[in-house]
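The values are calculated or read from the model by the stated rules, or taken from the named source; none is laboratory data. As the structure is a computational prediction, the values presented were derived from the model and not from experiment. Here Cβ is always computed from backbone atoms with ideal geometry, including for glycine, and neighbour counts include all displayed protein chains.
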Ligand code: UDP
């Protein structure tokens, strides 16, 4: 394997993936349409002869005049605030966009790695979530554009694996955070850090007893790399995330402490269809690739706070 195509290359996770693959000696081609990506995330790669960038919307059919060995399909809105603002685009990038990229993989005889999400489990009724769980998803709720878009894409990926023996892997990525998230991203960690650094009210939706499990981005991209390059795991579906589960109110207090903030923590209306608990069972990926997240929440938050200090 030599050449990798990363869709969503200027995004938060996509840009870190480009860095990692280049550091491992791969040639990387990055696609992004900038609906939520940011050129600044990949500016430092512009002088690398290993990196080629194309401003490209994957919902348009792609014809390449070079071959790729591996496609990492990471283009999608991912923050609830963003995907609810761009509901149709979210459905299309995960349906038509995935079809276009998977056809490209088939034409190139390339491996196809799809960035799915813990959202396919919806508001889960079992904890922690294992890959065999079918989920508890509202097909017409506000989050459905993302959840059902990703579920369709998973189904399409498996159809290509079964029907055409395409070499595929599906990654169910749980909450991830770190440098290069947008200050206006809308997700909980950037929101809380930005408010804390400005000493403004930190808004907890509902009573804050809902939980998430947050993975630091450096850990996550190492996990993705491991699954992408491992031989003999075609057609596998794996959870990737950090099983350290935390309540949202506790998270607010931790961020307040790390930033030494004078912010008040206030309670706001709960949001509709907000999953109550989320925590990955990562025994499968551990068994298949040996991957394990290493960065604790406190350490990862401290690094992320440093990044956001220059942004607010
Ligand atoms: N949340 C919050 N305040 C915020 C943003 C989010 O209390 O300013 C809560 C949200 O309701 C959810 C959790 O934090 O329970 C994680 O939300 P996020 O949007 O980061 O991602 P999700 O896991 O819901 O996709």
Worksheet, complete the sentence: Residue hits (region 238-279; more than 11 Å from the ligand (Cβ to nearest atom), under 19 Å from the mean Cα position of the chain (by Cα) and surrounded by fewer than 20 Cβ atoms within 10 Å (Cβ to Cβ)) are 243, 244, 245
Discussion item. Checking the structure you have, find out if any residue of region 124-140 is part of a loop (DSSP other than H, G, I, E, B), in contact (Cβ under 8 Å) with a residue 60 or more places away in the chain and within 13 Å of the ligand (Cβ to nearest atom).
Written reply: yes
Worksheet, complete the sentence: Checked region 91-117 for anything part of a helix (DSSP H, G or I), buried (at least 24 other Cβ atoms within 10 Å of the Cβ) and under 17 Å from the mean Cα position of the chain (by Cα); matches are 93, 94, 97, 98
Worksheet item: Inside region 12-28, can you point out the residues that are touching a strand residue (DSSP E or B) at 6+ places or on another chain (Cβ under 7 Å) and not in a helix (DSSP H, G or I)?
Response: 26, 27, 28
Discussion item. I'd like the full set of residues that are touching a strand residue (DSSP E or B) at 6+ places or on another chain (Cβ under 8 Å) and surrounded by fewer than 16 Cβ atoms within 10 Å (Cβ to Cβ), limited to region 283-300.
Written reply: 299
Worksheet item: Which residues, taken from region 144-190, are farther than 21 Å from residue 232 by Cα, part of a loop (DSSP other than H, G, I, E, B) and more than 15 Å from the ligand (Cβ to nearest atom)?
Response: 179, 180
Item to complete: Considering each residue of region 262-312, count those that are at pLDDT 95 or above, under 14 Å from residue 193 (Cβ atoms) and either in contact with a helix residue (DSSP H, G or I) (Cβ under 6 Å, 6 or more places away or on another chain) or in a strand (DSSP E or B) (or both), and give that number.
Response: 6
Practice prompt. Would you be able to tell me the number of residues in region 280-312 that are within 16 Å of the ligand (Cβ to nearest atom) and either free of Cβ contacts under 8 Å to residues at least 40 places away in the same chain or more than 30 Å from residue 226 (Cβ to Cβ) (or both)?
Written response: 1
Fill in: Output for region 191-222, where each listed residue is near the ligand (Cβ under 9 Å from one of its atoms), in contact (Cβ under 8 Å) with a residue 60 or more places away in the chain and part of a helix (DSSP H, G or I)
192, 195
Worksheet item: What are the residues in region 38-82 that are touching a helix residue (DSSP H, G or I) at 6+ places or on another chain (Cβ under 7 Å) and within 25 Å of residue 187 (Cβ to Cβ), if any?
Response: 41, 42, 45, 58, 59, 72, 73, 74, 75, 76, 77
Response to the item:
The residue that is farthest from residue 99 (Cα to Cα), considering only those in region 156-166 that are within 21 Å of the chain's Cα centre (by Cα) and surrounded by fewer than 22 Cβ atoms within 10 Å (Cβ to Cβ), is 158
Practice prompt. Please give the number of the condition residue 227 fails out of (1) on the phi < 0 side of the Ramachandran plot; (2) more than 17 Å from the chain's Cα centre (by Cα); (3) away from the ligand (no atom under 12 Å from the Cβ).
Written response: (2)
Worksheet item: Can you tell me which residues in region 65-77 are surrounded by fewer than 24 Cβ atoms within 10 Å (Cβ to Cβ) and in contact with a strand residue (DSSP E or B) (Cβ under 8 Å, 6 or more places away or on another chain)?
Response: 66, 67, 68, 69, 70
Worksheet entry | Positions within region 32-49 being farther than 19 Å from residue 82 by Cα and buried (at least 20 other Cβ atoms within 10 Å of the Cβ), in sequence order | 42
Item to complete: Name the residue, out of 31, 66, that is within 17 Å of residue 102 (Cα to Cα) and outside any loop (DSSP other than H, G, I, E, B).
Response: 31
